[in-house]
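Have a look at the structure below before the remarks.
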Amino acid sequence: DTGVSQNPRHKITKRGQNVTFRCDPISEHNRLYWYRQTLGQGPEFLTYFQNEAQLEKSRLLSDRFSAERPKGSFSTLEIQRTEQGDSAMYLCASSLDSAGVTDTQYFGPGTRLTVL
Amino acid sequence: QKEVEQNSGPLSVPEGAIASLNCTYSDRGSQSFFWYRQYSGKSPELIMFIYSNGDKEDGRFTAQLNKASQYVSLLIRDSQPSDSATYLCAVNPLMDTGRRALTFGSGTRLQVQP
C-alpha cells in the first residue's frame with residue numbers, strides 16, 4: 001500500500017509565473033484534499049474532491065487557484081500569476097469514504113513552493 | 001477566537017516522562033478529532049483519532065476527549081527524544097453538513113530532553 005505521492009517536491013518560480021502541482025492519492029481512496037501550510041501555522045484547507053467532483057472550496061482559494069481531478073484518480077493544483085504570498089508548503093491528503101464518523105486523512109510529503 | 005487553539009510551546013519534558021498536549025475547539029458540533037505529528041520540514045503524520053468522550057489508547061499514546069468542555073488532549077507516555085516534533089490537533093466538522101475539511105490548530109512544539 002503506497003502512500004500519497006506529490007510532485008514536484010520543491011518548486012522555485014518567479015512572481016507572475018504559473019505553476020502546477022500533482023497529487024496521487026492512496027489507490028483505493030476516493031476523497032482527495034488540498035491544504036496549504038505556512039511556517040508556524042497548521043495546514044489550511046483549500047479544496048476537496050470526492051471522486052472527480054469538487055465538493056468544497058475554501059475562501060482562501062482565490063480565482064488564481066484551480067484544482068482538477070479529471071478521472072477521480074490523481075489531482076492537479078494550478079496557481080496562475082504567482083505572488084510572493086503564495087510561498088508555502090502545499091499538502092495533499094486522501095481518505096476513504098466510509099459510513100463511520102471518522103474521515104481519516106493521510107498526507108503526502110508536500111510540495112514546497114518558493115516564489116521569488 | 002481561533003477555531004482550534006493549541007499552546008505553541010515549546011513544551012519541554014525529560015526523556016521517560018509523560019508529555020501532555022492540549023487543544024480546545026470552538027465548534028460545539030465537531031464530531032471527530034485527530035492528532036498529527038509533524039517533524040520539521042516534513043508533512044503531518046497521523047497518530048490517532050477520537051470521536052467518543054473519554055480516553056482512547058494506542059501504544060504510548062492516549063487521546064482524551066471532553067465534548068462538554070470542547071477539549072481534546074494527547075498524552076505521550078515514556079517520551080523519547082524521537083518524539084520531539086510539532087503536534088497538530090485537527091477537528092472534523094459535523095458530517096451531515098457535507099463538509100469534510102479538517103481545521104487545524106497551529107501546533108505545539110514538543111522537546112524531549114535526553
Some residue of the range A:20-28 being hydroxyl-bearing (Ser, Thr, Tyr) and under 23 Å from B:TYR36 (Cα atoms): yes
From the options A:THR20, A:THR47, residue that is more than 24 Å from B:ASN92 (Cβ to Cβ) and either touching a Ser or Thr at 6+ places or on another chain (Cβ under 7 Å) or within 10 Å of chain B (Cβ to nearest Cβ) (or both): A:THR20
Subset of the range A:79-116 that is open to solvent by less than 40 Å² (accessible area, probe 1.4 Å) and among the aromatic types (Phe, Trp, Tyr) - its residue that is nearest to A:GLN17 (Cα to Cα): A:TYR90
Qualifying residues in the range A:69-116 (those that are in contact with a helix residue (DSSP H, G or I) (Cβ under 7 Å, 6 or more places away or on another chain) and part of a strand (DSSP E or B)) - the one nearest to the other protein chains (Cβ to nearest Cβ): A:LEU113
Subset tally (residues that are in contact with a Cys (Cβ under 9 Å, 6 or more places away or on another chain) and loosely packed, with under 14 Cβ neighbours inside 10 Å) for the range B:22-70: 0
Members of the range A:69-88 that are out of contact with any Ser or Thr (no Cβ under 6 Å at 6 or more places or on another chain) and of a type in the set (Val, Ile, Thr): A:ILE79
Check on A:SER66, in a strand (DSSP E or B) and either surrounded by fewer than 14 Cβ atoms within 10 Å (Cβ to Cβ) or more than 13 Å from every other protein chain (Cβ to nearest Cβ) (or both): yes
Breaking point among (1) farther than 27 Å from A:CYS23 by Cβ; (2) at pLDDT 95 or above; (3) open to solvent by less than 80 Å² (accessible area, probe 1.4 Å); (4) in contact with a strand residue (DSSP E or B) (Cβ under 6 Å, 6 or more places away or on another chain), for B:ALA17: (4)
Close pairs from the range A:24-43: first over 19 Å from A:ASP103 (Cα atoms) and facing chain B (nearest Cβ under 10 Å), partner surrounded by 16 or more Cβ atoms within 10 Å (Cβ to Cβ) and among the aromatic types (Phe, Trp, Tyr), Cβ under 9 Å, at least 6 apart: A:GLN37/A:TYR90; A:GLN37/B:PHE104; A:GLN41/B:PHE104
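Which is in a loop (DSSP other than H, G, I, E, B), buried (at least 17 other Cβ atoms within 10 Å of the Cβ), away from chain A (no Cβ under 12 Å) and touching a strand residue (DSSP E or B) at 6+ places or on another chain (Cβ under 6 Å), of B:SER73, B:SER79?
Working: B:SER73 fails: in a loop (DSSP other than H, G, I, E, B).
Only one candidate qualifies: B:SER79.
The values are calculated or read from the model by the stated rules, or taken from the named source; none is laboratory data. Owing to the predicted nature of the structure, the values given are computational and were not obtained by experimental measurement. So basically every Cβ, Gly included, is an ideal-geometry build from the backbone, and we count neighbours across all protein chains shown. Remember, those area values only see protein heavy atoms, side chains included, never the ligands or the DNA or RNA. Shrake-Rupley method; radii C 1.70, N 1.55, O 1.52, S 1.80 Å.
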